[in-house]
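Engineer: To start, I am sharing the structure in question, which I have written as structure tokens.
The values are calculated or read from the model by the stated rules, or taken from the named source; none is laboratory data. Computed from a prediction, not measured in an experiment: that's the story for all the values here. Cβ placement follows ideal geometry from the backbone for every residue including glycine, while neighbour counts extend to all protein chains displayed. Surface areas here come from the heavy atoms of the whole protein model, side chains and all, with no ligands, DNA or RNA. Shrake-Rupley method; radii C 1.70, N 1.55, O 1.52, S 1.80 Å.
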Amino acid sequence: VRSEGFPDFEVWPESPLDIRSAILYLEPFDERNQRAFGYDMYSEPVRRAAMSRAIQTRSTAITGKVTLVQETDEDVQAGFLAYLPLYWDGVQEIGKPASSGNALGFVYSAFRMNDFMRGLLGVDNPSDVEIVIYDSGDPEIDQLMYRSNSEQLNVARRAKLKDSQKLSILGRD
């Protein structure tokens, strides 16, 4: 990477782990994304758990709630990442034991929850429904991933219609 025009490139943070997975390619290569350049995603436990699960299952796995390295001091959002493992010997046969030794790296995507939900719903805040999403299905404030603007809802209507669903998506509740 240094010989490709980035003489100050470093893998960070320091880690005692034998496996490292630094961010090398990300687009757009703007100021926000440059904050993540060289970051060792495997050094952080929530990211590492998803990466390990992706290797073991040979399929896409998502993290729990994280703060993305690209976040600034403005409009900080909960985030998550999706990892798809790549292997030295190509696509692995399902049912064949996987190991981190034959994993080349990951194709990944980072998501900011408010931005993700805005894209999914097509609006900033739905006016006729309140949506609340928690990581791991636990309705605790530190596990809160997303809450639509509930101030727009009529209090009587909110009390009448209520539903809760536990969803498992890419290995995560």
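Yes/no matrix, rows are residues, columns are (1) charged (D, E, K, R); (2) without any contact (Cβ under 8 Å) to a residue 24 or more places away in the chain:
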{"position": "Gly5", "(1), (2)": "no, yes"}
{"position": "Phe9", "(1), (2)": "no, no"}
{"position": "Ile19", "(1), (2)": "no, no"}
{"position": "Ala22", "(1), (2)": "no, yes"}
{"position": "Glu27", "(1), (2)": "yes, yes"}
{"position": "Phe37", "(1), (2)": "no, no"}
{"position": "Arg53", "(1), (2)": "yes, no"}
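Engineer: Then there is this: Do the conditions hold for Arg20, that is, is it open to solvent by 50 Å² or more (accessible area, probe 1.4 Å), basic (Lys, Arg) and either in contact with a Ser or Thr (Cβ under 6 Å, 6 or more places away or on another chain) or modelled with pLDDT under 95 (or both)?
Structural biologist: Taking the combined requirement at face value, the residue satisfies it.
Engineer: Would you be able to say whether some residue in the range 68-81 is out of contact with any helix residue (DSSP H, G or I) (no Cβ under 9 Å at 6 or more places or on another chain), at pLDDT 95 or above, surrounded by 13 or more Cβ atoms within 10 Å (Cβ to Cβ) and aliphatic (A, V, I, L, M)?
Structural biologist: Checking the range 68-81: at least one residue is out of contact with any helix residue (DSSP H, G or I) (no Cβ under 9 Å at 6 or more places or on another chain), at pLDDT 95 or above, surrounded by 13 or more Cβ atoms within 10 Å (Cβ to Cβ) and aliphatic (A, V, I, L, M).
Engineer: Please enumerate the residues belonging to the range 40-61 that are open to solvent by less than 20 Å² (accessible area, probe 1.4 Å) and not in a helix (DSSP H, G or I).
Structural biologist: Once the filter is applied, which keeps residues that are open to solvent by less than 20 Å² (accessible area, probe 1.4 Å) and not in a helix (DSSP H, G or I), the range 40-61 yields Asp40, Ala61.
Engineer: Hey, could you check the range 1-17 for residues that are in contact with a helix residue (DSSP H, G or I) (Cβ under 7 Å, 6 or more places away or on another chain) and within 22 Å of Ile55 (Cβ to Cβ) and say which is surrounded by the most Cβ atoms within 10 Å (Cβ to Cβ)?
Structural biologist: My answer is Ser15.
Engineer: Given the criteria touching a helix residue (DSSP H, G or I) at 6+ places or on another chain (Cβ under 8 Å), over 26 Å from Ser59 (Cα atoms) and at pLDDT below 85, does Ser100 qualify?
Structural biologist: In short, no.
Engineer: Which one is nearest to Thr63 (Cα to Cα), of the residues in the range 116-130 that are at pLDDT 85 or above and of a type outside the set (Phe, Trp, Tyr)?
Structural biologist: Met117
Engineer: Would you tally the residues in the range 16-39 being of a type in the set (Ser, Thr, Tyr) and either in a helix (DSSP H, G or I) or more than 16 Å from Tyr108 (Cα to Cα) (or both)?
Structural biologist: 0
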